[in-house]
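Data first, discussion second: the structure below is written as C-alpha cells.
The values are calculated or read from the model by the stated rules, or taken from the named source; none is laboratory data. Keep in mind that what you see is a predicted model, and the values were worked out from it rather than measured. Reconstructed Cβ throughout: ideal geometry from the backbone, glycine too, with neighbour counts over all protein chains shown.
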2 protein chains.
Amino acid sequence: MRAEILSVGTELLLGQITDTNAAYLARVLADYGVNLFFKQTVGDNTARIQMAVRLALSRADLVLMTGGLGPTEDDLTVEAVAGALGLPLRTDPAVVAHIRAFFEARRRQAPESVYKQALIPEGAQVIPNRRGTAPGVVISPGGATIVIMPGVPAEMKGMVEDFLTPWLRERTGGIVIRSRVLRVTGLGESAVEERIKDLLHLEAPTIAPYAKLGEVHLRLTAKAPPEVADAQLAAGEAAVRGRLGDLVFGTDSDSLEEVAGRLLLAAGKTVAVAESCTGGLIGDRLTNVPGSSVYFLHGVVAYSNAAKVTLLDVAPHLFEQYGAVSEPVALAMAYGAQRRAGSDLALGVTGIAGPTGGTAEKPVGLVYCALVDREGEAVQEWRFGSEAGRRGIKFLASQAALNLLRLHLLR
Amino acid sequence: MRAEILSVGTELLLGQITDTNAAYLARVLADYGVNLFFKQTVGDNTARIQMAVRLALSRADLVLMTGGLGPTEDDLTVEAVAGALGLPLRTDPAVVAHIRAFFEARRRQAPESVYKQALIPEGAQVIPNRRGTAPGVVISPGGATIVIMPGVPAEMKGMVEDFLTPWLRERTGGIVIRSRVLRVTGLGESAVEERIKDLLHLEAPTIAPYAKLGEVHLRLTAKAPPEVADAQLAAGEAAVRGRLGDLVFGTDSDSLEEVAGRLLLAAGKTVAVAESCTGGLIGDRLTNVPGSSVYFLHGVVAYSNAAKVTLLDVAPHLFEQYGAVSEPVALAMAYGAQRRAGSDLALGVTGIAGPTGGTAEKPVGLVYCALVDREGEAVQEWRFGSEAGRRGIKFLASQAALNLLRLHLLR
C-alpha cells in the first residue's frame, strides 16, 4: 500500500503552526509498514486542494487529509474533495443529531453555521468525532481511499484510534514495524548511552535514544512478522532493563505519575504533597491520573514562608537558620503535610525556579525534594541549572519528586 | 512572486522528526509578502526528488529546498536536482578549502566522503556554511530560482540570514505580511464568529478564527508596506474589540495567567486558591509566571472531603446537603482559602473531571468556580462535557477560574 499525507490550512503555509499532525500520521503509517513517499501541504483554497488531491490519487492508494473541517467559510476541504470527485453533498441526519446533542450537553445554542459540518459527500462513510462536532469522512474513489480528518490534533487522534488503526491492521498483516519506548529518568542521556553502548548497534531491534526534558526515551524498533517482531522487542527490552534496572520507569505512554499512582494503589498507601517552587505542578500531575482520589489526599502550595508556617507547621526558626530553600525546610514541609493529611507518605519540595532569587550559594535551579513515610525520611538536593528556565525547573523538580516516590515504593 | 517549499528526508516521512524547517521558511516568506501555495515533502530518493522539483518549477518562481546535503549515500538532493535540470557536477575548489579548514580547526581528519559536498552543479552559486561543511546551492533555471539548503536547522537558518533574507528584501520592494493574534476566552468558536461575522470578510486585515482548548484565537493579517500594515492591524483590532469587549483577554503570546497576574500586580491585590478537581493546575499556571510570588499567597489541593474540612474549614453538613460538587462548597472553599491565607481574593473550584464519578444530575465535566473578595462573592456553573477528557476538563476549569479572576479585576 502507498499512502500520501495532505495537510490543508493557510496557517501552515504562513508558518503560524508547525505540522505535527503530519509527523503523527507518518508514524502511524510506519508502524503498519505502509510506504509514504510524499506529503503535501496546501492552503484553504478550493482549486489548490483539488489539484493536490488529484496528484495524490495519481500515485497513492490511501490519502490521509487533515484540516479545513471547521464551521467557517474558510473550511473548504470536504466540499473541495467532493467537487474534485463529482460527488454531491447530502446532509447526514446522524451528524446533525450529534451536533445538536453536543451543544445541548453544554447548555449552549448551536449556531446555524456549524450544521455545515453535517454535509457529507454521497456514498461516503462518516467517522464520528468523540471530541468535537466535525465528523471525519472516508471516500473510496475507484479503489483508492481518502480519509479526511479534522486538524485539531485531539480530534484527529481520536479518529486514528477509532478508524484508521483498525483499518490499517486489517489491510497490512505480513510485515509490521513495531516499536516500544522504554522511559528512563534519573540519569542523563550520555550516561544512559554509556551503559547501553553496545546495544545501540543491534539490528533487531534497533535501539535509538532520545533526550527529553527530565527523561531519556529509548525507542526499540523491529520490522518483521508480528510474532517475530514482538519477540525481538521483548529480547531488546530485557537487555536494556538488565543494564538500567529501575532507572526504566515505564514503557510507551506511561507517565511517571501513572507509574507512581499504580505503585501507591498496589501498596494501599496514601500520599500528601507540600509544594513551594513547583507551585501545584506535582498535585496537577498526580491528579491527571484517573482514580487518583483514592491515594492522593491533599496538596498544599505554600509559596510564602507564612503559608509554610500556617499550613504546614514549619518552625519559623528554620528559615533563619537554613533558609526557605534547604533540606530541613523540605523535610519539615513533608512532615507537616503528612501530619495534616494523615497520609502514609508525603513529599516536600522547595527550590528556586527563577529567573530571579538565585545567589552564588543557592543558584536558580537548586531544589530540595523530601519524602517521609511512617518509618523514615529521605531528602535529595538537585541543581538543575538556570538554562532550563522557570517552567523547565518546575518540571524537573516535579519529575525528581515523583521519581523519589516511585523508587521508595519499589523497595 | 510565488514560492514553494520542498523538504527532503526519509526521516520526515517516517515521522521521526517534525518539519520545523518548513514552518520557519514559511514565516520568512510571509514576512516578505511572498505567496506560498504549496509545500511538498519527499524522501531521499532520486526519482521522487526530481518529480517534486519539476512540479514545483511548474507553479513557482522560487523553490526552497532543505535536507539531503550530508556526506552519506542517502544524501542525494544536489545530484538529483542537477540531474533533473541536465547540469553536470563540478568540484568547487573554494568548498574543498572550506571543508579542509573546518576539520583542521577541530583537529580532526576529514573523511573522504565529506568532499562529495564540494560537487556543485555547473553555473550554480554557492552559499557558504558558517556552521558546517555542506554549502548551500542556488540554481536559476529559466527565470526561476532554486535555493538548496542543509536540513540541520542552525545551518539552514545561517543561510537564510546570509543569503535568502537579503535576496528577498531586494526583490519584494517593501510589501510585508504582518499579523496579530487576539485571544478570546469565555465564548465558543461559533458564538465568537456570530459576533464578528461581517468582519470575517474584511480584506485588510483578513481575520481568521482558530479554535483552541478553552480559547478562540483570531488572527489578523495585513499585507502592505510596513506602516500601512500596522495601521490596518490596529483598525482591525479596534473593530474586533468593539464587538467582543473584554472577552479578548490578550494578544499574541499572552497567557491568561500572565494577564491575570498583571492585573493583580496593578491592583496591588493578593490571591489564594482552593482546588479540588483541578488538582493543583491553577496554582501551577499562576506560578508559571515569573514574579508571581508577590501576589500568589498559597494554594490548597483539597481532593477529599476531609481535606476540604481540615484545610479549608468547609462545614461538613454542606456535603450532605448539597454534595461536594456544588455552589455552596465552591464558595466555602474560596472563603476558607481567603481566611487562612489572609488574601484579598480567593478562588474555589470543585467539579467532576471523570472519567468516573458522574451521575445524570451531576455529569462528568460539571464544575463550579467561586471567587470571593473582601466585599462579595461570585460563583459560576460550567458543563464542559465528558468528551474533553479528564485533562481537558481540568484545563477548561482552570481557564474558567482564571478568567473569572481576570474579569473581576477589570471591573
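Laid out as a table, the results:
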{"read-out": "Given (1) over 25 Å from the mean Cα position of the chain (by Cα); (2) surrounded by fewer than 22 Cβ atoms within 10 Å (Cβ to Cβ), index of the condition residue A:392 fails", "value": "(1)"}
{"read-out": "Residue in region A:55-70 that is more than 28 Å from the chain's Cα centre (by Cα), assigned by TED's automatic domain parsing to the domain that holds residue A:23 and within 27 Å of residue B:199 (Cα to Cα) present", "value": "no"}
{"read-out": "Spans of strands (runs of 3 or more DSSP E) in region B:2-94 with at least 1 residues farther than 29 Å from residue A:16 by Cβ and of a type in the set (A, V, I, L, M)", "value": "B:89-91"}
{"read-out": "Residue in region A:233-243 that is surrounded by fewer than 18 Cβ atoms within 10 Å (Cβ to Cβ) and touching a His at 6+ places or on another chain (Cβ under 7 Å) present", "value": "no"}
{"read-out": "Failed criterion for residue A:223 (all others in (1) within 30 Å of residue A:301 (Cβ to Cβ); (2) surrounded by fewer than 22 Cβ atoms within 10 Å (Cβ to Cβ) hold)", "value": "(1)"}
{"read-out": "Index of the failed condition, residue A:286 passing every other in (1) touching a helix residue (DSSP H, G or I) at 6+ places or on another chain (Cβ under 6 Å); (2) over 19 Å from residue B:306 (Cβ atoms); (3) not aromatic (Phe, Trp, Tyr)", "value": "(2)"}
{"read-out": "Residues of region B:356-411 that turn out to be without any contact (Cβ under 8 Å) to a residue 12 or more places away in the chain and more than 13 Å from chain A (Cβ to nearest Cβ), as a count", "value": "5"}
{"read-out": "Residue A:143, sole failed condition from (1) surrounded by fewer than 16 Cβ atoms within 10 Å (Cβ to Cβ); (2) under 30 Å from residue A:204 (Cα atoms)", "value": "(2)"}
{"read-out": "Scope region A:296-320; condition more than 7 Å from chain B (Cβ to nearest Cβ) and not aliphatic (A, V, I, L, M); matching residues", "value": "A:305, A:308, A:313, A:316, A:317, A:319, A:320"}
{"read-out": "Meets criteria (in the same structural domain as residue A:219 (by TED's automatic domain parsing) and buried (at least 16 other Cβ atoms within 10 Å of the Cβ)) for residue A:204", "value": "yes"}
{"read-out": "Filter result for residue A:104 (outside any helix (DSSP H, G or I) and at pLDDT below 95)", "value": "no"}
{"read-out": "So residue A:60, is it among the small types (Gly, Ala, Ser), buried (at least 20 other Cβ atoms within 10 Å of the Cβ) and more than 10 Å from chain B (Cβ to nearest Cβ)", "value": "yes"}
{"read-out": "Unique residue being outside any loop (DSSP other than H, G, I, E, B), touching a residue at least 24 places away in the same chain (Cβ under 8 Å) and closer than 26 Å to residue B:398 by Cβ when the list is A:260, A:239", "value": "A:260"}
{"read-out": "Residue, surrounded by the most Cβ atoms within 10 Å (Cβ to Cβ), within region B:246-295, restricted to residues that are among the hydroxyl-bearing types (Ser, Thr, Tyr) and within 8 Å of another protein chain (Cβ to nearest Cβ)", "value": "B:278"}
